[in-house]
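Just so it is clear, none of the values below were taken in a lab; they were calculated from the coordinates. Predicted model only: the values in this text are computed from it and were never measured. Backbone-built Cβ (ideal geometry, glycine too); neighbour counts: all protein chains shown.
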Amino acid sequence: MDMKIETEELSVCPVCGSMKKEFLFKNTDRLHGISGEFGLTQCRNCKAVYLSPRPSIKSLPLYYPDDYPPHQLNPLRPSGFLQRIKEHLRNTIIYNRYHYKNFQHKPRIEPHILGTFLTYMFFFFAERARYHLPKALFPPYIKDGKALDIGCGAGHFLIILKDLGLKVYGVEPSEKAANIGREKLGVDIKTGTLLDHKFPDNYFHFITMNHVLEHLHNPVEVLSEANRILHPNGMLRIQTPNIDAYGYKRFWKNWFPIDTPRHLIIYSKQSIAGLADKTGLKLKAFSTTHTRSVLYRSLEYEIRDKNNNYKDFGTTGQYTFSQKLFINALDLYERMLILSGKDAGEELQAVLAKK
Ligand SMILES: [Zn+2]
């Protein structure tokens, strides 16, 4: 693709401001094959890995083509018979276990005993009922709660929050994605960045940034603003790739979440805690989760790297038996690391609150 890309060099870490750094490697856009070469550097102080040179704020939209997956909208309501039964079970659990009084899909009968039985006897249903969300990303019931999803794409997560009975708002820089969400889902999505919209002070009980932080040029400014509009008892929940992941150690420059140049900063626990502190927030909870699909896609990059073929990405699920065995072994090892208390998962979840 032929276009003029403006880049900028960073002299200090965009998270903690430290000048101490170590150059890691050069990288190109391996997901969409758009031109440009960038460098990855690790901060020696907070361990965040950041892109420098990186595309300027003005040039960054060039790297989000129309088919960028998070900007699409997949079918929302299950259609098959089994799917509908599953949905009924989920509704029962959300209503009975999580006590969502304003839940939009209240079970027709209120099978309190059945719901309690299902959720407490088979606790693994609980995660499925949370729309497969990690516990840290699932909001507790708040009466008249207001929620904001920053970087909401076409609004998938907002629909879940709306179903749960929260009053929902979204902010999304992609005009196209925001339009899809507004038209098809009927939710209030504002086009632009958080800084373009002045929400009232102390307004939101629940602010989410799901895979957004790694795309931001100015995380300190954005989190400071999120802090201003966060309710005193509110929670800001972040999900982003984890640079301490076992997958990064194993695959290094082929690790899928490196995603140059869309991912500008990849965080560690230490850098998230430092960022929170700098913006008047505190880290209330932290966890990491294993994600097998990330390992698969990283393996795919590794294979393509060996074959010197950086493009034509997008065919997954065509792995040999031994490759599948290999990924399952890595995933199992990673789970064991997490169980033993290491922050080795591919993604990190952080819950922040006002200091
Ligand atoms: Zn740093």
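Would you order Ser35, Ser298 from fewest to most other beta-carbon atoms within 10 Å of each residue's own beta-carbon?
Details: Ser35 11, Ser298 25.
If I rank by nearby Cβ atoms, fewest first, I get Ser35, Ser298.
Compute the semi-axes of the equivalent ellipsoid of the range 128-268, taking the square root of 5 times each eigenvalue of the Cα gyration tensor, and list them largest first in whole Å. Can you show the working numbers first?
Numbers: eigenvalues 128, 59, 52 Å².
They are 25, 17, 16 Å, listed from largest to smallest.
Find, among the trypsin sites (Lys or Arg not before Pro) in the range 319-348, those assigned to loop by DSSP (not H, G, I, E, B) with at most 13 other beta-carbon atoms within 10 angstrom. Let's see the in-between values first.
Working: sites: Lys324, Arg335, Lys342; in loops: Lys342.
Counting only loop positions with at most 13 other Cβ atoms within 10 Å, the trypsin sites (Lys or Arg not before Pro) in the range 319-348 are Lys342.
Evaluate E = 1/(1 + (r/R0)^6) for Glu6 and Asn218, where r is the Cβ-Cβ distance and R0 equals 25 Å; express this FRET efficiency to the nearest 0.05.
Numbers: r = 16 Å, r/R0 = 0.65.
Step by step, r from the Cβ atoms, then E = 0.95.
Using a 7 Å offset from the Cα along the Cα-to-Cβ direction at both Lys282 and Phe321, what is the distance between the two label points in nm, to one decimal?
Distance between the two pseudo-spin positions: 5.5 nm.
Expressed as a fraction of 2.2 N^0.38 Å, the rule-of-thumb size for a compact globular protein of N residues, what is the C-alpha radius of gyration of the range 7-71? Can you show the working numbers first?
On the way: Rg = 13.1 Å, N = 65, 2.2 N^0.38 = 10.7 Å.
Its radius of gyration relative to the 2.2 N^0.38 Å reference: 1.22.
Would you mind working out the magnitude of the charge dipole of the range 7-71 relative to its Cα centre, with +1 at each Lys and Arg C-beta and -1 at each Asp and Glu C-beta, to the nearest 20 Debye? Walk me through the numbers on the way to the answer.
Working: 8 positive and 7 negative charges, 82 e Å.
For this selection, approximately 400 debye.
Three principal axis extents, largest first, for the C-alpha atoms of the range 223-337, in Å?
Per principal axis, max minus min of the Cα coordinates gives 52, 31, 20 Å.
Can you compute the modelled spin-label distance between Lys20 and Ile57, with each label point 7 Å from Cα toward Cβ, in nm?
According to this spin-label approximation, the distance is 3.0 nm.
At 0.36 nm per residue, and after removing the present C-alpha to C-alpha distance, how many nm does the segment from Asp201 to His88 gain when stretched out fully?
36.9 nm
List Met209, Met19 from most exposed to least, where exposure is judged by having the fewest other Cβ atoms within 10 Å. All intermediate terms of the calculation are to be shown ahead of the outcome.
On the way: Met209 26, Met19 10.
Sorted ascending by nearby Cβ count, the order is Met19, Met209.
Would you mind computing, in nm to one decimal, how far apart the modelled labels at Glu183 and Leu332 are, each placed 7 Å from Cα along Cα→Cβ?
The answer from the label model is 4.9 nm.
Could you put Asp305, Asp244, Asp66 in order, starting from the residue whose Cβ has the fewest other Cβ atoms within 10 Å? Before the final figure, lay out each step's value.
Values: Asp305 14, Asp244 18, Asp66 9.
Exposure proxy ranking, most exposed first: Asp66, Asp305, Asp244.
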